[in-house]
Structures are given as structure tokens and as C-alpha cells.
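Below: the structure, in C-alpha cells.
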Amino acid sequence: MASIAEQPCYTLINVPMGAELPTELQLKTDLETGDARTKIEALKKVIQLILNGEKMPSLLMIIIRFVMPMQDHMVKKLLLVFWEVVPKYTPEGKLLQEFILVCDAYRKDLQHPNEFIRGSTLRFLCKLKEPELLEPLMPAIRQCLEHRHSYVRRNAVLAIYTIYRNFEFLIPDAPELIHNFLEGEQDMSCKRNAFMMLIHADQERALDYLSSCIDQVTSFGDILQLVIVELIYKVCHANPGERARFIRCIYNLLNSSSPAVRYEAAGTLVTLSSAPTAIKAAASCYIELIVKESDNNVKLIVLDRLIALKEDLNHEKVLQDLVMDILRVLGSPDQEVRKKTLNLALDLTTSRNIEEMVLVLKKEVVKTNNVEHEDTGKYRQLLVRTLHQCSVKFPDVAATIIPVLMEFLGDTNELAAADVLVFIREAVQRFDQLRPLVIRKLLDVFGTIKSMKIHRAALWILGEYCTSSDDIQSVMTLVRQSLGDIPIVDDEIKKTAGEVKEDEMQMGGNVQRLVAADGTYVTQSAFSTTTVAKKEEVPPLRKDMMDGDFFIGAALATSLTKLALKFIAITQDKKRQNAFVAEAMLIMATIIHLGKSGLSTKPITDDDVDRIAVCLRVLAERSDMMNEIFNTACRGSLSLMLAAKIEEEKQLQQAAGRKEVKVHADDPISFAQLINRSDQAGGENVFELTLSQALGGNAKRDGDPLGASKLNKVTQLTGFSDPVYAEAYVNVNQFDIVLDVLIVNQTADTLQNLTLELATLGDLKLVEKPQPLTLAPHDFCNTKANVKVTSTENGIIFGNIVYDVSGAASDRNCVVLNDIHIDIMDYIVPASCTDTEFRQMWAEFEWENKVTVNTNISDLREYLEHVMSCTNLKCLTPEKALSGDCGFMAANMYARSIFGEDVLANLSIEKPFHLGKEAPVQGHVRIRAKSQGMALSMGDKINLSQKKALKTTSS
């Protein structure tokens with residue numbers, strides 16, 4: 001006899017934890033004498049008690065006598081649930097006699113004039129596993145196939161299907177009966193159920209029916225079309241020779257009115273045929289679905305299918321022709337959809353379609369100017385990065401991209417502007433022919449820049465790459481405009497004292513300072529006729545320094561030094577040379593003066609003073625060595641950085657392991673007609689594969705042929721000497737944890753009402769309560785408990801096993817279980833992000849956990865790799881930065897959870913040389929996350945796994 005836990009149950013009912021349980025006598029009274037409402041409430045309570053493990057055999061006859069005759073629809077519905085969950089067998093395993101009466105009630109309900117009662121009874125019969133109860137009902141079930149209402153007919157088909165599958169001897173002619181029913185049926189839901197039964201019960205009849213109406217498939221309802229697609233896939237997977245017979249039907253279903261049918265048909269077409277026309281038709285169908293569907297989840301799922309298509313090199317060339325169609329998806333407002341689309345389009349871009357793609361992206365960039373939305377800035381960043389990568393892959397288009405992107409340097413979104421500058425810096429270094437265009441455009445937009453960081457980077461580019469006399473003079477003019485009148489301190493003191501009259505004419509914004517042929521300055525100014533506003537706008541560079549950001553002053557000093565040294569080299573006139581150098585030195589001196597004056601919010605730092613002083617000294621001495629350092633070595637550093645970046649990207653591509661399609665001259669030619677059937681059907685069945693993934697089944701790994709990793713997840717819950725031994729296998733399947741618990745009765749007594757009671761700590765929730773069990777002496781059984789996970793955090797499952805000993809008068813016995821710790825690593829996967837994104841997240845995340853290194857590992861690199869392997873963190877610091885042996889190491893690491901939570905880590909470790917070679921590594925690991933639980937859990941994981949397990953050597 002099956003235990004309650006093993007009995008089939010299809011209905012889950014929530015029972016409130018604090019609900020007051022009624023007595024059996026009270027329920028008996030309510031069921032016998034109560035009105036309809038009272039009986040309904042009493043019946044609900046009975047169902048809940050039975051689900052909690054109570055038997056209540058005395059109530060069975062009461063319900064048959066006083067509740068079953070009622071015609072109330074709610075009562076009828078509750079009775080079906082009651083008959084499903086109530087124990088139907090005696091302790092000896094025989095069917096209870098009372099069920100003969102119940103069987104008669106079923107038969108009457110199957111002949112009831114109300115179609116709802118007939119249909120719901122038929123649905124209930126699908127859940128019955130007792131052939132003794134079903135046998136008398138078979139004539140009534142057959143009659144329901146001819147009922148006037150489709151609700152009854154479709155449930156009759158399902159009932160016949162489940163009965164035929166479980167007890168074929170009760171209705172051996174079911175396939176023929178359903179085939180005849182299908183030919184005369186008009187309702188789509190009934191046809192779908194009948195066709196589905198034939199697929200699983202008698203595939204030949206299903207194929208005969210499909211062949212007879214294959215031209216009418218497009219006019220069928222979507223629920224029937226979906227089942228037809230499934231049949232065609234199964235048939236063609238098992239017998240590839242049938243492909244030619246049905247592939248036209250799949251092509252036709254690509255034009256179905258239902259998005260679900262189109263999606264399934266496209267997926268089936270790709271698995272059945274690798275012809276370019278088939279791939280193009282499927283890909284076009286996917287693109288249309290993405291564009292037309294409003295649900296972002298659907299868009300992302302279909303995009304993943306397109307990306308999977310692209311991974312096959314045979315299909316990639318077909319998709320390259322559809323790049324412009326793929327870019328239509330950018331109309332979606334969702335950021336994740338846009339990001340995936342841009343990455344896919346970039347991978348498919350070739351020299352044939354790059355110009356069209358750049359035109360589309362430029363239009364998208366222009367669109368973001370007029371729309372202010374919270375995601376507009378991020379989208380602009382994505383577009384800038386994509387255009388950057390386009391110009392790196394195809395340098396010819398860089399000239400058309402740069403003018404558009406330069407407009408964003410004045411953007412209020414600093415991140416987008418920073419991305420543009422990174423792109424410009426790379427372009428101006430790598431493409432000599434673009435330098436004049438970049439410098440001219442940068443000079444035009446310099447006045448619109450608002451951010452200090454962007455100012456700083458723009459000054460570096462101008463200082464490094466301006467080579468003509470006119471450009472250098474233009475930079476000096478821009479710098480003077482950005483600083484205002486100098487000396488800055490004197491000008492600020494005058495303004496503070498109110499010496500500048502309100503009606504005094506100003507020349508600030510439109511001053512043009514040009515160097516004349518004799519070396520003197522000529523000032524061109526357009527006088528304004530308006531009076532100065534009481535609150536004058538402060539020039540940008542002066543404003544930054546007044547706020548205490550003197551790093552921009554140090555950067556300006558470096559750029560002016562480079563420009564002055566170049567100006568000296570290209571200008572022969574000594575007067576002009578001296579005038580320019582004097583101007584540059586005056587600006588540097590006034591910056592130091594401002595920093596020391598106390599007028600700024602914060603004083604200038606010693607580092608910035610030293611830097612500016614060095615620049616002043618370089619201009620005063622003008623040595624060849626300093627000229628070499630300032631005008632050659634800086635650019636060499638940038639070249640090395642860009643070369644390292646390109647090398648790193650190449651290594652990543654090689655690691656991805658994209659294999660080229662190579663056909664050798666002596667490779668055999670395969671003819672479809674000559675291939676063995678077993679070879680043709682070698683692929684995995686997609687339906688079975690997705691089903692196993694959904695159920696949490698995973699294939700054995702190559703490195704673990706015996707499934708040993710499964711044994712590693714077995715947790716011992718009780719001791720070997722306890723009366724009840726228990727151990728659990730913890731199966732983590734994304735958002736669910738299934739505990740498969742083995743319970744062994746180690747005593748010579750029968751244990752009754754043995755219950756596994758569990759509770760959780762952390763963001764875990766117990767979904768269902770395990771059913772009570774009865775264990776014979778020295779018997780064992782398995783029971784399962786499901787736990788829902790809601791966030792990445794260390795969770796603990798604890799509890800006990802309680803049971804009664806058969807024949808003993810003592811209280812319930814209890815065995816306390818060991819705690820089960822849920823490993824956070826099951827939810828964390830390595831991930832990548834840019835340095836900018838890392839710094840931004842590091843600044844935003846408020847929870848930090850600082851872990852002190854306490855390890856027996858003596859090698860810095862080995863410790864880093866050990867931490868990465870234990871925590872699933874990915875190292876973002878380039879390999880070159882980690883190479884070498886200098887006694888200390890700093891590295892950034894990053895990972896994401898399956899719930900979308902980010903975790904950052906910064907490793908700062910050293911190995912003091914004075915302690916010897918075998919001394920352990922010292923330092924700290926700082927972890928940052930958005931949630932406290934994530935930061936603490938990751939810190940605990942590092943703490944627990946810092947020390948490396950020592951290998952034991954046999955004596």
C-alpha cells in the first residue's frame with residue numbers, strides 16, 4: 001500500500017498556520033444538520049485536516065449520506081477535491097466498501113443535465129488511479145463524447161486519454177474511438193485534445209489525420225496548430241525521411257496569426273533544416289515577433305534564440321543579411337533588449353553593411369537628444385560604445401562617426417561624455433588621418449563642456465595632439481576664456497570688494513587673444529551693451545578650482561607645458577616664443593596663488609603644487625630630456641595601454657573558442673538519401689531536453705563521470721546511533737531547492753506518524769509540509785521538501801523528526817536534525833563589467849564587508865586564484881597588471897547572482913620580504929554589495945575558505 005506522500009494528489013491547498021482546528025464531533029454535527037453554507041465550510045475544514053495527515057474515517061459515511069445528495073455546485077466542486085485526497089484503502093490495502101456508493105454518484109453526475117457538473121466530474125476522473133472505480137463508469141464516459149456542449153466533449157477526451165494510458169484494458173479501442181471523433185468534430189479545443197491523445201497513443205493515426213487535412217492547417221485554431229508543430233517535430237526527429245512531407249506545413253505556420261505558433265514553428269524549422277532559406281525564414285519570423293510583441297520577457301527570450309542561431313557559423317552568413325531588420329528592435333524602450341540587440345548586430349556587422357548600420361545608429365543617437373528619460377543616458381552610452389567598436393573594427397567609418405559623437409562632450413550625462421572621449425582618444429592615436437578633424441571639432445565644442453573630468457581629458461588630448469601654431473594659439477585662447485581674467489586672486493578680490501561696477505562693460509565671453517608677428521598680444525573684443533548681471537556666471541575652469549578641485553589645474557599645467565614646448569619647436573621668433581611661455585607660466589603661477597590664498601573652498605594639495613611647480617621649472621629650463629618626456633613618452637604610454645587592450649580582446653576571442661568551418665579536400669560528401677537513420681536522428685530531442693532542464697536534471701559532467709559531485713551535496717542530518725537515521729541530498733535548481741531526505745528506522749518497532757518538521761532562516765521559504773509516514777522495523781523511505789529562494793544570501797534549514805512508537809504509551813519521540821547550510825555559490829556566477837561601471841557601482845553600493853586575510857598560502861597569485869575559485873568571482877584586473885613579483889598585489893573582482901544582484905571585491909594583499917619566503921600572504925579583501933546579506937554572505941564564504949587544505953602524505 002502506498003503511503004500518503006506517494007499517493008497521487010493534484011491539488012495544493014494552503015492551510016493557515018495559526019488556524020484553530022475543529023473537533024471531529026463538531027464537524028460531524030455541521031455536516032449532518034447544517035445548512036448549505038455551514039456544510040461548505042465544514043467540508044473545507046475536513047479537506048484541510050486530511051491534507052495535514054488526519055484520517056477521519058468516521059466522517060466518510062456522514063459525507064456520503066448528508067452531503068453527496070446536495071445539488072449545490074460549490075458542494076459538488078468541493079466533493080471532487082475531497083474524493084481526490086481522502087484515503088480510499090483499508091490498512092490491508094483493499095478498496096473501502098463505501099466507494100461503491102461514491103461510484104454510483106459519479107455515474108449520476110456523468111449523466112447530469114448541467115454541462116459544468118459533467119465536465120468537472122470528467123476532469124476529476126483524470127486524477128483517479130483506481131480501476132475498480134473507473135470500470136463501471138466507462139459507458140457513461142463514452143456517451144459524453146456525443147454531448148452537445150464542447151466543455152463536456154473536450155474533458156471526455158482527456159478522461160479517455162488518461163484512462164487508456166493508465167489502464168488500457170478498460171478501453172482498448174480508445175485510439176480508434178478518438179480518431180472517429182476527431183474526423184467529425186468542429187470545436188478547436190476538442191480537436192486539440194483528441195489530436196494530442198493520438199500523438200501519444202497512436203502516432204500513425206495522428207499522421208493519417210494530419211495528412212488528410214494538411215492544406216487546412218493554417219485555418220485551424222492556435223491551440224491545435226501548436227500540437228501539430230509538436231507532432232511534426234517528433235516525427236521528423238525520429239524519422240528524418242518524413243521531413244520533406246511536412247516541412248511545407250511548418251513554412252505555412254510561420255505566417256500564423258498566433259505569436260506562440262510562429263515562435264514554435266520557427267524553432268522547429270531551424271532544427272529540421274539548415275538550408276539558408278529555412279534559416280532566413282525562421283530568423284525573419286523571430287525578428288517580427290520581437291518587434292511586434294510588447295512583453296519585454298518575450299523579446300528577451302526570442303532575442304536569445306536569435307543569438308543562439310548566430311553561434312552556428314553556418315547560419316551566421318544568413319543573419320548578416322538581416323542586420324538592418326535586427327536594428328528595428330532598438331525601438332523597444334527596455335534597456336536590456338537594446339543592449340542585446342546592439343551586441344548581436346555588432347557581431348553580425350560586415351564591411352557590406354557597416355555603413356547602413358552606422359547611419360541607423362547615428363539616427364538613434366540624434367533621437368536621444370530630444371528625449372529626457374531615466375534610461376536615455378544609459379542608452380546613449382550603449383550607442384557610443386557600439387559606434388566606438390564599429391570604428392575599431394572598420395576604421396573607414398570613423399570619419400563619419402566622430403562629428404556626431406563630439407556633440408555629446410557637452411552632455412549633462414558625464415558617463416556618455418566620458419565614453420565619447422575614450423573613443424576619441426583611441427581614434428586620434430590610431431588613425432593619423434583623423435587628427436586634424438578631431439582637433440578642429442574638439443576646439444569647437446570645448447566651450448560647451450560642463451564636467452571637470454571631461455575638461456581634464458579634453459585638455460590632455462589637445463595638449464598631446466595639437467601640432468600647428470594656429471591650433472596651439474586657439475587652445476590658449478580657450479583656456480583664457482575658461483579661466484576668466486587673470487591673475488585670478490586679484491580679480492576675485494576686486495569682485496568681492498565690489499570694485500567692479502555694475503554698468504562696466506565686460507569682455508569675458510568674446511575675448512579673442514591672438515599673438516601678433518612681433519610677439520605682442522592683440523586683443524579682439526565684441527563689447528556688450530548690456531550691463532553685467534548681479535550674479536555673474538563663473539568660467540568653468542575657475543569654478544572647478546574655486547570649489548577646491550585643483551587636479552584640473554595640474555592637468556592644465558601639464559597640457560600648457562606640452563603646448564609651450566611644441567610652440568618653441570615650431571616658431572623661430574624668440575619674442576613670440578617668450579610671450580607664449582610667459583603666458584603659460586602666468587596661468588600656472590596664478591593657479592598656485594589661488595590654491596594658497598584661501599579663497600577656494602579647499603586649499604590646493606601638495607601633489608598638485610609639486611606637479612605645477614615641475615611644469616614651471618620645465619618651461620624655465622627647457623631641457624631636451626624634459627621635452628622628450630613630455631612630448632613623446634606620454635604618447636608612448638597610451639600606445640602601450642591601447643596595445644594591451646587589443647591583445648586582451650584577442651585573447652578573450654580565442655578563449656571563446658570560435659571554430660572556423662573548414663572543409664578539407666578529402667572530406668566525404670554526405671548525401672541525405674544515403675545516411676543511416678540512426679546517424680540522422682543523432683540530435684537531442686529538444687522537448688525532452690527542456691523538460692529535463694525544467695525538472696532540474698543535469699547531465700553528468702566530463703570531469704565527474706560517476707556523478708561524485710552529487711554525493712558531495714549529501715548532508716548527514718542525524719547520527720548513526722540515533723533511532724532514526726536521516727540524510728538529505730540538496731538539489732539546487734535556480735530559484736528552488738529540493739531536499740530529498742532518506743529516513744531509516746533503526747529500531748525493531750513500527751514508527752507511526754513519523755513527520756519531518758522543517759523551518760528556515762534567511763530568505764528561504766518552505767513551500768510544502770512533508771506528509772506523515774509509517775515505517776516498519778528497519779524499513780526506510782524517501783520524502784521530499786521544496787524550499788523557495790528569494791535572494792542571494794546564506795540560508796539555513798533546520799528542524800527535527802517526530803514520531804510515535806506503535807503500542808507505546810509514551811509521548812511523541814523527537815530527533816533533532818543537523819542544520820543544512822545552503823551554499824551561496826549555487827547562485828553566483830562570474831561576470832564582466834568595465835572599469836567605469838565597476839567604479840560607479842563601488843561608489844553607489846552602501847554595504848561593505850572588510851575581510852582580513854588569514855591564510856596559509858604564501859604566494860600572492862595563488863591566493864588570488866584560490867579566492868576566485870572559492871567565490872566564483874571573476875578578476876577584472878588585466879593580466880599584465882598582475883604579472884611580475886613586487887611583494888604586493890591589488891585586484892578587482894566581480895560577479896552576479898542569478899537574481900541580478902552585483903557583488904564587487906577589491907583584493908589588496910602583500911608579502912613582507914623580511915618574514916621570509918614561506919611567510920603567508922597578508923592584507924584585506926573588501927566586498928561591496930547593494931544588500932547587507934550579500935556582502936556578509938560573501939565575506940563568510942571567503943573567511944571559511946581562505947586556508948588551503950593541506951595534502952596529507954602517507955607515511
Say we look at segment 204-243 and pick out the residues that are surrounded by fewer than 17 Cβ atoms within 10 Å (Cβ to Cβ) and among the polar types (S, T, N, Q); which of these is farthest from N180 (Cα to Cα)? N239
Has segment 739-751 got at least one residue that is touching a residue at least 12 places away in the same chain (Cβ under 8 Å), among the charged types (D, E, K, R), within 12 Å of N786 (Cα to Cα) and open to solvent by 30 Å² or more (accessible area, probe 1.4 Å)? yes
Filter pass, I62 being within 45 Å of the chain's Cα centre (by Cα) and part of a helix (DSSP H, G or I): no
Quick one: is N849 touching a Pro at 6+ places or on another chain (Cβ under 6 Å) and closer than 20 Å to G939 by Cβ? no
E583: without any contact (Cβ under 8 Å) to a residue 24 or more places away in the chain and either of a type outside the set (A, V, I, L, M) or in a helix (DSSP H, G or I) (or both), yes or no? no
Taking the conditions exactly as written (touching a Cys at 6+ places or on another chain (Cβ under 6 Å) and either open to solvent by less than 40 Å² (accessible area, probe 1.4 Å) or modelled with pLDDT of 85 or more (or both)), does L254 satisfy them or not? yes
Of all the helices (runs of 4 or more DSSP H) wholly in segment 311-420, which have at least 2 residues that are open to solvent by less than 10 Å² (accessible area, probe 1.4 Å), farther than 23 Å from T277 by Cα and at pLDDT 75 or above? 335-348, 354-370, 376-393, 398-406
Check segment 812-831 and report whether any residue there is assigned to a helix (DSSP H, G or I), of a type outside the set (G, A, S) and modelled with pLDDT of 80 or more. no
Which one is modelled with the highest pLDDT, of the residues in segment 704-731 that are out of contact with any strand residue (DSSP E or B) (no Cβ under 9 Å at 6 or more places or on another chain) and either of a type in the set (A, V, I, L, M) or buried (at least 16 other Cβ atoms within 10 Å of the Cβ) (or both)? A708
Residues to consider are I50, I40; find the one that is at pLDDT 80 or above, among the β-branched types (V, I, T) and open to solvent by less than 30 Å² (accessible area, probe 1.4 Å). I40
Within segment 220-233, is even one residue free of Cβ contacts under 8 Å to residues at least 24 places away in the same chain and under 30 Å from the mean Cα position of the chain (by Cα)? no
Can you name every residue in segment 769-790 that is more than 22 Å from I50 (Cα to Cα), surrounded by fewer than 17 Cβ atoms within 10 Å (Cβ to Cβ) and modelled with pLDDT under 85? K788, T790
Please give the number of the condition M70 fails out of (1) open to solvent by 30 Å² or more (accessible area, probe 1.4 Å); (2) part of a helix (DSSP H, G or I); (3) modelled with pLDDT of 80 or more. (2)
Does segment 586-603 contain any residue that is farther than 25 Å from Q481 by Cα and open to solvent by 40 Å² or more (accessible area, probe 1.4 Å)? no
Failed item in (1) within 24 Å of P395 (Cα to Cα); (2) out of contact with any Asp or Glu (no Cβ under 7 Å at 6 or more places or on another chain); (3) free of Cβ contacts under 8 Å to residues at least 40 places away in the same chain, with L322 passing the rest: (3)
For segment 606-622, how many residues meet the condition of being open to solvent by less than 70 Å² (accessible area, probe 1.4 Å) and touching a Gly at 6+ places or on another chain (Cβ under 9 Å)? 3
Matching residues in segment 456-485 (open to solvent by less than 20 Å² (accessible area, probe 1.4 Å), assigned to a helix (DSSP H, G or I) and closer than 22 Å to A633 by Cα) number 9
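Within segment 85-118, can you find the residues that are of a type in the set (S, T, Y), within 28 Å of L773 (Cα to Cα) and buried (at least 17 other Cβ atoms within 10 Å of the Cβ)?
none
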Of all residues in segment 124-141, which are surrounded by fewer than 16 Cβ atoms within 10 Å (Cβ to Cβ), under 50 Å from the mean Cα position of the chain (by Cα) and in a helix (DSSP H, G or I)? P131
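The values are calculated or read from the model by the stated rules, or taken from the named source; none is laboratory data. All values reported here derive from a predicted model rather than from experimental measurement. Quick reminder, even Gly has a Cβ in these numbers, built from the backbone with ideal geometry, and neighbours come from all protein chains shown. Side chains are part of the model used for accessible areas, which takes the heavy atoms of the whole protein and leaves out ligands, DNA and RNA. Shrake-Rupley method; radii C 1.70, N 1.55, O 1.52, S 1.80 Å.
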